[in-house]
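Report on the structure given below.
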Amino acid sequence: MLEGYLDIKPEVADAIKNGKAVVALESTIISHGMPYPQNVETALKVERIVKENGAVPATIAILEGKLKVGLTEEEIEYLGKAKNVVKTSRRDMPFIVSEKLDGATTVASTMIIAALAGIKVFATGGIGGAHRGAQETFDISADLQELARTNVAVVCAGAKSILDIGLTLEYLETQGVPVIGFGTSEMPAFYTRKSGCKVDYRVDSVKKLADIIKTKWDLGLNGGIVIANPIPGKYEMDYDMITRAIDNAVAEAEQKGIKGKESTPFLLAKVKEITGGESLESNIALIYNNAMVGSQLAVELAGPEN
């Protein structure tokens, strides 16, 4: 049934078939997360980091209605420049595919496509979550529901700091999604290593991470796992400064009536503007760090024979 929809790059298909380590990567960061050419440069370097750490990169997107698992350099370049690429989550997929449009995959849709292809590890920047005031607006990212249902481990620098991290963790707890701090007891907040919120468990080695993930799925406990991997200390932004920048950006978004799928790109762009570009440098650094940890985890899950 999926044959007409799923297009897996040959080297990725070969790695999946032979039980090799594969790491899924999203494409929203290319089309909506960063300006050109940093978006393309970052995406290509992330793929190199995955390879250097012993895994096969599988950047995921929707091109002309095809669910693409693994992109060429030309396709990444296209996504970085094109203006008509739709930010695509679970709800958008049937329309984008049936209309043969181009879609950049969010955390949720990347998880779905990765699971369809048989990929278990996904490295990204930060997950979506409950927006500030979500207890009244119900503005909650589809990423959280996807984490509750789809068997993919997501390595991230926590939830984006433009969100309400406490509410996000409460929602994940209700959905039964484990939040594991990799080398930290505190949920990182994307640009900073601290948030004031605790993770469920702290783990300090990739081997232990792999054991926990394998045990979860062996027990039939379906759903994903959040591996919260803090931004490297030297790239961490000043907590008070980034908090002020985010508060200002959120206030402007509310004033302009920006909601839904448009809110995150607006807020990240506004924070970049307020911080004089420092947030973009931090964003890139944390993505590289997550790609490294995600690759090491994929290698560990694949086993020593692979």
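How many of the residues making up segment 138-152 are touching a residue at least 60 places away in the same chain (Cβ under 8 Å) and surrounded by fewer than 24 Cβ atoms within 10 Å (Cβ to Cβ)? The qualifying residues number 6.
Evaluated against (1) in a helix (DSSP H, G or I); (2) closer than 28 Å to residue 24 by Cα; (3) free of Cβ contacts under 8 Å to residues at least 12 places away in the same chain, residue 254 falls short on exactly one condition, (2). Taking the criterion of being in a helix (DSSP H, G or I), within 13 Å of residue 297 (Cβ to Cβ) and free of Cβ contacts under 8 Å to residues at least 40 places away in the same chain, the residues of segment 203-219 that qualify are 208, 211, 212. Do we find that residue 215 is of a type in the set (S, T, N, Q), farther than 15 Å from residue 156 by Cβ and either surrounded by 13 or more Cβ atoms within 10 Å (Cβ to Cβ) or in contact with a Gly (Cβ under 8 Å, 6 or more places away or on another chain) (or both) in this structure? No, not satisfied. Scanning segment 76-88 for residues that are in contact (Cβ under 8 Å) with a residue 12 or more places away in the chain and in a loop (DSSP other than H, G, I, E, B), we see that the one that is farthest from residue 99 (Cα to Cα) is 82.
Number of residues in segment 48-63 that are out of contact with any Lys or Arg (no Cβ under 6 Å at 6 or more places or on another chain) and surrounded by 24 or more Cβ atoms within 10 Å (Cβ to Cβ) equals 7. Is there a residue being surrounded by 23 or more Cβ atoms within 10 Å (Cβ to Cβ), under 15 Å from the mean Cα position of the chain (by Cα), closer than 20 Å to residue 293 by Cα and not charged (D, E, K, R) anywhere in segment 172-181? No: segment 172-181 contains no residue that is surrounded by 23 or more Cβ atoms within 10 Å (Cβ to Cβ), under 15 Å from the mean Cα position of the chain (by Cα), closer than 20 Å to residue 293 by Cα and not charged (D, E, K, R). Within segment 142-158, can one find any residue that is more than 18 Å from residue 294 (Cα to Cα), modelled with pLDDT under 95 and touching a Gly at 6+ places or on another chain (Cβ under 6 Å)? Scanning segment 142-158 turns up no residue that is more than 18 Å from residue 294 (Cα to Cα), modelled with pLDDT under 95 and touching a Gly at 6+ places or on another chain (Cβ under 6 Å). Determine, yes or no, whether residue 223 is in contact (Cβ under 8 Å) with a residue 60 or more places away in the chain, part of a loop (DSSP other than H, G, I, E, B) and more than 28 Å from residue 36 (Cβ to Cβ). Criteria met by residue 223. Looking at residue 74, is it closer than 18 Å to residue 40 by Cβ and not hydroxyl-bearing (Ser, Thr, Tyr)? Judged against the criteria, residue 74 is a match. One residue stands out among those in segment 158-185 that are out of contact with any Asp or Glu (no Cβ under 8 Å at 6 or more places or on another chain), of a type in the set (Val, Ile, Thr) and outside any loop (DSSP other than H, G, I, E, B): the one that is nearest to residue 135 (Cα to Cα), which is 168. Which of the residues spanning segment 1-29 are β-branched (Val, Ile, Thr) and modelled with pLDDT of 95 or more? Selection gives 8, 12, 16, 22, 23.
Rundown of residues vs (1) touching a residue at least 12 places away in the same chain (Cβ under 8 Å); (2) assigned to a strand (DSSP E or B), yes/no style:
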site: 31; (1), (2): yes, no
site: 36; (1), (2): yes, no
site: 41; (1), (2): no, no
site: 46; (1), (2): yes, no
site: 62; (1), (2): yes, yes
site: 74; (1), (2): no, no
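A quick yes/no check of all residues on (1) more than 26 Å from residue 266 (Cα to Cα); (2) crowded, with 23+ Cβ neighbours inside 10 Å; (3) among the polar types (S, T, N, Q); (4) out of contact with any strand residue (DSSP E or B) (no Cβ under 8 Å at 6 or more places or on another chain):
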{"site": "67", "(1), (2), (3), (4)": "yes, yes, no, no"}
{"site": "73", "(1), (2), (3), (4)": "yes, no, no, yes"}
{"site": "83", "(1), (2), (3), (4)": "no, no, no, yes"}
{"site": "94", "(1), (2), (3), (4)": "no, no, no, yes"}
{"site": "99", "(1), (2), (3), (4)": "yes, no, no, yes"}
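The values are calculated or read from the model by the stated rules, or taken from the named source; none is laboratory data. Given the structure is predicted, the values throughout are model-derived calculations rather than measurements. We place every Cβ from the backbone using ideal geometry, glycine too, and count neighbours over all the protein chains shown.
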